[in-house]
Amino acid sequence: MKKSQSYIGARNGIVFCVDDYKEGKTSGRLYHAYKRDAEVLNSLEEMIFYMEDFFNSISFPFPGTEDRTFRAVKKNENKKERMIKVMKDEELLEQHGDKGTFIIRVQQRQHSSWQGLVTWVDEDKTVPFRSALELIKLIDGALGE
């Protein structure tokens, strides 16, 4: 029996369901264990920004560098609310996109980027990535096949 590579495996695991892909334009839904409703996204860039905010909100994986800003930060602006899991891994794995489904597991945030694994559920194929840009290219390449 072949072992499936479709698992969440980390508290910051994300399921990205691609519903539309035309000429390099990607839109879909993003799910994680801390929110029942999907986050609707209209591009892979939007996905990256949302995921970065999500990782910061759960403080995992810990960033290797601090954010830089040119504006003054108010004291209450950095206050984080405690996030509680509301979905089990099995519920997350039930979500599927019309064009493709990807499980994203960012293991580290070093060198101002991400390192981890992405699983293309439809092909049961897992590939490591070394940066957020490489993650975008892997997802776009998989959808373009």
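The values are calculated or read from the model by the stated rules, or taken from the named source; none is laboratory data. Values in this document were obtained by computation on a predicted structure and should not be read as measured data. As a convention, Cβ positions derive from the backbone with ideal geometry for all residues, glycine included, and neighbour counts pool all protein chains shown.
Observations on the model:
Residues checked against (1) at negative phi; (2) more than 13 Å from the chain's Cα centre (by Cα); (3) acidic (Asp, Glu):
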site: Gln107; (1), (2), (3): yes, no, no
site: His111; (1), (2), (3): no, yes, no
site: Asp122; (1), (2), (3): yes, yes, yes
site: Val127; (1), (2), (3): yes, yes, no
site: Ala132; (1), (2), (3): yes, no, no
site: Gly144; (1), (2), (3): yes, yes, no
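- Extreme residue, surrounded by the most Cβ atoms within 10 Å (Cβ to Cβ), among residues of region 20-40 that are closer than 22 Å to Thr126 by Cβ and in contact with a strand residue (DSSP E or B) (Cβ under 7 Å, 6 or more places away or on another chain): Gly28
- One residue from Arg105, Arg36, Arg11, Arg29 being modelled with pLDDT under 95 and either farther than 15 Å from Thr119 by Cα or part of a strand (DSSP E or B) (or both): Arg11
- Selection over region 39-53 of residues that are modelled with pLDDT of 95 or more and within 9 Å of the chain's Cα centre (by Cα) gives a count of 4.
- Test: residue in region 103-122 that is surrounded by 14 or more Cβ atoms within 10 Å (Cβ to Cβ), free of Cβ contacts under 8 Å to residues at least 40 places away in the same chain and farther than 20 Å from Glu45 by Cβ: yes
- Residues (touching a Lys or Arg at 6+ places or on another chain (Cβ under 7 Å) and among the polar types (S, T, N, Q)) located in region 101-118: Gln115
- Test: residue in region 71-78 that is more than 17 Å from Ile139 (Cα to Cα) and modelled with pLDDT of 85 or more: no
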